[in-house]
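What follows is a short report on a single structure.
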Amino acid sequence: MKIIGLTGGIGCGKTTVAKMFKALKVPVYIADIEAKRILTSSKIVRRRVIELLGVSSYNEEGPDRKYIANKVFNNASLLSELNNIIHPKVASHFERWCRKQNANYCIKEAAIIFENASYKNCDATILVTAPQDFRIQRVMQRDNTSKEQVLARMKHQWDDEKKLKLATYHIENMDIDSTSLQVLQIDALIKNSSFP
C-alpha cells in the first residue's frame, strides 16, 4: 500500500482535504489526533513533558494545551524537544494502523512532514496551500487566538515556496469546488501509480 503524506501550513485546510479523500474511501490517518491522544493518555509522555515544560503543562483535565503552545511556539529548541517526545510514538502507531488497512493507498495527514523529513517515508506528498491572510483569519476564529500567536506558530513551519520544491502534488485551497476537483484528479493519478 502506498503512503501519501498530506501537509500544509497552519490554517490551509488540510483537514478539509483529508475529509474529501476519506469520502473517496481512502484510509486517512490524522497525526495530530494521535499526538493529542498520546499527550493525554501516555504516562511516560506526561512525565517527560512535565520535566521539559514544568508542572503547569497538565491540570486535572489533562494537558494544558494553551500553556504548552505558549511555551514552545516562542522557543524553537523546546518545540523540537517536545516533538522528539511525541513524534516517535505517533510514527510507531501509524505503522501499526497501516498494517490494518486494505486499500490502494492511504493518507497520512501531518503538519510538518517536510520540516522533520518524514516525507522520506512516504511514496508521494500532497501540499495544501492557501493565502496567508486567509489562513491567519481562519486560525484566529478556529482557535480563538490572536494574530501574533498565529504568526508565532507559522514561524516554525517552512514557507510554501520551500515545501513546493519537495511536494509531489499541490492543492490550492481557495474554494470548495476547485479543491474537490483537485482531490479527484490527484486520487486518479495515485491510483494509476503516476508517481514522478
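The values are calculated or read from the model by the stated rules, or taken from the named source; none is laboratory data. Note that the structure is a prediction, hence the values are computed from the model and not measured. Counting neighbours? That spans all protein chains shown, and the Cβs are built from the backbone with ideal geometry, glycine included.
Checking the condition in the same structural domain as MET174 (by TED's automatic domain parsing), without any contact (Cβ under 8 Å) to a residue 40 or more places away in the chain and closer than 28 Å to GLN132 by Cβ, which residue from ALA18, ALA117 passes?
ALA117
Test ASP175 against the stated conditions and say whether it is surrounded by fewer than 14 Cβ atoms within 10 Å (Cβ to Cβ) and either out of contact with any strand residue (DSSP E or B) (no Cβ under 6 Å at 6 or more places or on another chain) or more than 25 Å from PHE73 (Cα to Cα) (or both).
Judged against the criteria, ASP175 is a match.
Are any residues in segment 11-34 closer than 23 Å to ASP160 by Cβ, out of contact with any Ser or Thr (no Cβ under 8 Å at 6 or more places or on another chain) and in a helix (DSSP H, G or I), and if so, which ones?
THR15, ALA18, LYS19, PHE21, ALA31, ASP32
Just wondering, is there one or more residues in segment 54-65 that are touching a residue at least 40 places away in the same chain (Cβ under 8 Å), assigned to a helix (DSSP H, G or I) and either touching a Gly at 6+ places or on another chain (Cβ under 6 Å) or of a type in the set (Lys, Arg) (or both)?
Among the residues of segment 54-65, not one is touching a residue at least 40 places away in the same chain (Cβ under 8 Å), assigned to a helix (DSSP H, G or I) and either touching a Gly at 6+ places or on another chain (Cβ under 6 Å) or of a type in the set (Lys, Arg) (or both), which makes the answer no.
Identify the residue in segment 86-117 that is surrounded by fewer than 19 Cβ atoms within 10 Å (Cβ to Cβ) and of a type in the set (D, E, K, R) and, among all such residues, is modelled with the lowest pLDDT.
For segment 86-117, the residue satisfying everything is GLU115.
Any chance segment 26-39 includes a residue that's within 23 Å of ASP187 (Cα to Cα), crowded, with 20+ Cβ neighbours inside 10 Å and charged (D, E, K, R)?
Checking segment 26-39: not a single residue is within 23 Å of ASP187 (Cα to Cα), crowded, with 20+ Cβ neighbours inside 10 Å and charged (D, E, K, R).
If you take the residues of segment 40-52 that are of a type outside the set (A, V, I, L, M) and part of a helix (DSSP H, G or I), which of them is surrounded by the fewest Cβ atoms within 10 Å (Cβ to Cβ)?
LYS43
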